[in-house]
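Worksheet: one structure, shown below.
The values are calculated or read from the model by the stated rules, or taken from the named source; none is laboratory data. Treat the numbers as computed from the prediction; the structure is a model and nothing was measured. Cβ placement follows ideal geometry from the backbone for every residue including glycine, while neighbour counts extend to all protein chains displayed. Each accessible area value is taken on the protein alone, full model and side chains, heavy atoms only, with ligands, DNA and RNA left out. Shrake-Rupley method; radii C 1.70, N 1.55, O 1.52, S 1.80 Å.
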Protein chains: 2
Amino acid sequence: MLNQPGSLDRVFQALADTTRRDIVERLIRGPASVSELARPLAMSLPAVMQHLQVLEACGLVRSEKTGRVRTCHIEPGVLRTAEDWITAQRTAWEHRLDRLGEYLTEHRDSPDQRSTP
Amino acid sequence: MLNQPGSLDRVFQALADTTRRDIVERLIRGPASVSELARPLAMSLPAVMQHLQVLEACGLVRSEKTGRVRTCHIEPGVLRTAEDWITAQRTAWEHRLDRLGEYLTEHRDSPDQRSTP
DNA sequence: AGGTTGGTTAAGCATGTACTTAAGTATTCA
DNA sequence: TGAATACTTAAGTACATGCTTAACCAACCT
């Protein structure tokens, strides 16, 4: 749908870090403030903020500040774009296997060897 | 199943690059040699080799050399591990929405405001 | 044998990533 | 008002990434 060219790059990049995936898993269970997110993580607050910026930059997380506390929550739609790409590949793979199977049963008795039909 | 701790890190990292996703999309349609993979890509052969090393390091791609040509093919199981993580998050999110919906209909007439039930 | 094809290794370079510490700025509470 | 809380900004560092070019090796072909 509304996918800029480098959009998948950023989403997969964001997910390629345990800390960031932990943050996503936490936010899936409900919104949280920055320091709530930081509490279980073994790193400084600024480091957590930088992870949050990565997650916001790719649209996985939104946040708004009220008073002095910033509350973060997920935007689950972006997870879909990543999931969709992977699913598309896997289903393409399975279709290929199906076609390969058809080919093999059709040519069951002719022993000609080609690399890939 | 057999997931080392940093395994998802490597898979998502591998997918976080357009060139590498292009290689995966190509290999989904069937095995290919290194130079077949390199042909449509606007970069040197060594650069392609390095991308292939990343894809092999995370188990997304296997390759074997016969004669002087190395043939690459996908290992679709690893795509599953990435897909599974994302799917798990999305379903957790949907369950949360369901629980939230139940809560709201049950307390439809009591206007007490809590942040997250 | 000698050249071409297909891949590999090594080294170097510019940028990006994942932190750190130190020093801010607003809010809220006592 | 003045201290504690909740972030924010800036700057610096160490290491990883994504390329490049140059040189090299091992089939194959003629």
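Miscellaneous remarks
- Considering only A:55, A:24, A:92, and ranking their Cα positions along the charge dipole of the protein assembly as shown that arises from unit charges at the beta-carbon of Lys, Arg, Asp and Glu, the one farthest toward the positive end is A:55.
- Normalised by the number of residues in segment A:1-105, the average gap of Cα pairs under 8 Å and 6 or more apart makes the relative contact order 27 percent.
- Ordered from largest to smallest accessible area (heavy atoms of protein chains, 1.4 Å probe), the residues A:35, B:33 come out as A:35, B:33.
- The same position residue B:87 in the other copies lies at 0.9 nm from this copy, comparing label points 7 Å beyond Cα toward the beta-carbon, shortest first.
- Residue-wise HN-Hα coupling along segment B:93-103, computed from phi with Karplus coefficients 6.51, -1.76, 1.60 (Hz; x: Gly, Pro): 4, 5, 4, 4, 4, 4, 4, 4, x, 4, 4
- Per-residue ³J(HN,Hα) for segment A:81-87, Karplus 6.51 cos²θ - 1.76 cosθ + 1.60, θ = phi - 60°, Hz, x for Gly and Pro: 4, 5, 4, 4, 4, 4, 4
- The P(r) of chain A has a tail past 19 Å containing 58 percent of all C-alpha pairs.
- Residue A:18/residue B:68 FRET efficiency (R0 35 Å; Cβ-Cβ; nearest 0.05): 0.30
- About its Cα centre, the protein assembly as shown has a charge dipole of approximately 640 debye under the convention of +1 per Lys or Arg Cβ and -1 per Asp or Glu Cβ, with nothing else charged.
- Distant-in-sequence amide H partners of residue A:61 (H built 1.01 Å from N, under 5 Å): A:56, A:75
- Accessible area (Å², 1.4 Å probe, nearest 10) - residue B:36: 80
- Euclidean distance between Cα centres, segment B:1-75 to segment A:20-70, Å: 33
- Charges were assigned to the Cβ only: +1 to each Lys and Arg, -1 to each Asp and Glu. The resulting dipole of chain B about its Cα centre is roughly 680 debye.
- Cα shape, the protein assembly as shown, gyration tensor, a/c 1.5 rule: prolate
- Residue A:93 sits with roughly 50 Å² accessible to a 1.4 Å probe, with DNA, RNA and ligands left out of the calculation.
- Each residue of segment B:55-67 was assigned a 3J(HN,Hα) from its phi angle through the Karplus expression (A = 6.51, B = -1.76, C = 1.60, θ = phi - 60°), giving 5, 6, 4, 9, x, 6, 10, 10, 7, 9, 9, 10, x Hz with x at Gly and Pro.
- Over the protein assembly as shown, DSSP H runs of length four or greater, each weighted -39,500 (n - 2.57), average out per residue to a 222 nm ellipticity of -19000 deg cm²/dmol.
- Calculated label separations, residue B:68, copies of the chain, 7 Å along the beta-carbon direction, nm: 7.0
- For residue B:49, solvent-accessible area (1.4 Å; no DNA, RNA or ligand), Å²: 80
- Estimated distance in nm for a label pair at residue B:7 and residue B:47, the labels positioned 7 Å out from Cα along Cα-to-Cβ: 3.2
- Inter-copy separations for residue B:101, label at 7 Å along Cα-Cβ, nm, ascending: 3.5
- Most mobile listed residue (B:46, B:76, B:31) in chain B, GNM with C-alpha springs under 10 Å: B:46
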